[in-house]
Structure formats: C-alpha cells, structure tokens
1. Does at least one position in the stretch 64-84 carry a residue that is in contact with a Leu (Cβ under 7 Å, 6 or more places away or on another chain), touching a residue at least 12 places away in the same chain (Cβ under 8 Å), surrounded by 12 or more Cβ atoms within 10 Å (Cβ to Cβ) and part of a helix (DSSP H, G or I)?
2. Just one of (1) under 21 Å from A55 (Cβ atoms); (2) in a helix (DSSP H, G or I); (3) of a type outside the set (D, E, K, R) trips up L15, so point out which.
3. What is the one condition in (1) of a type in the set (V, I, T); (2) modelled with pLDDT of 90 or more; (3) not in a helix (DSSP H, G or I) that I57 does not satisfy?
4. Residue under question is L48, and the condition is that it be out of contact with any Leu (no Cβ under 6 Å at 6 or more places or on another chain), among the hydrophobic types (A, V, I, L, M, F, W, C) and in a loop (DSSP other than H, G, I, E, B); does it hold?
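The values are calculated or read from the model by the stated rules, or taken from the named source; none is laboratory data. Everything numeric in this text was worked out from a predicted model, so none of it was measured. Virtual Cβ from ideal backbone geometry, glycine too; neighbours counted across all protein chains shown.
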Amino acid sequence: METLVRLEGAVATILEELVKRGFYKTKSDAIRAGILELGKEYIPKSELEARLVSAKIKRIESQIKKGKVKLVPFEQVAKKAGLKL
C-alpha cells in the first residue's frame, strides 16, 4: 500500500526532530513505528496475528496458482535433511 501524508506544524517538527536526533533513519521509518505503536495499543494481538497469517496464506496461494512457488512434501524435505519420522 502506498499512502501520501502531508504534515504541518508540531507534527512535522517532531517528525523532523526524531530523524535529526537519529531515533529513526528516515521519516517513513518514524511514521511506520508510530503506526505499529498505535496498533499495539488499539488492536488485540490475536486479531492482528490472525489477519497477518490470513494475508500471508492468500499471497502464498496466489503464488502457487501462478506457478511461482513449488510445494515439496514434508516427507521429502525430512528425508533430504536426514530426519527420521
């Protein structure tokens, strides 16, 4: 997702100061960190984890359908790694 944000006044000053003092490498990094902190405060961890897992499963399924990812049976991987089942 790409988002354009315009900041003015105190918010812009604080953001610039956070980067200037070296707390964050870029303004984008500082904004990402702020959003993550808000998420921790307002979104239950279990709900967030469920959404992230669901999104990852959908991405993997899409890659499989497009032939970009090849699935290998667990038994084959275990055998190659020398694991005994």
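1. No, the stretch 64-84 contains no residue that is in contact with a Leu (Cβ under 7 Å, 6 or more places away or on another chain), touching a residue at least 12 places away in the same chain (Cβ under 8 Å), surrounded by 12 or more Cβ atoms within 10 Å (Cβ to Cβ) and part of a helix (DSSP H, G or I).
2. (1)
3. (3)
4. Values: out of contact with any Leu (no Cβ under 6 Å at 6 or more places or on another chain): yes; among the hydrophobic types (A, V, I, L, M, F, W, C): yes; in a loop (DSSP other than H, G, I, E, B): no.
No.
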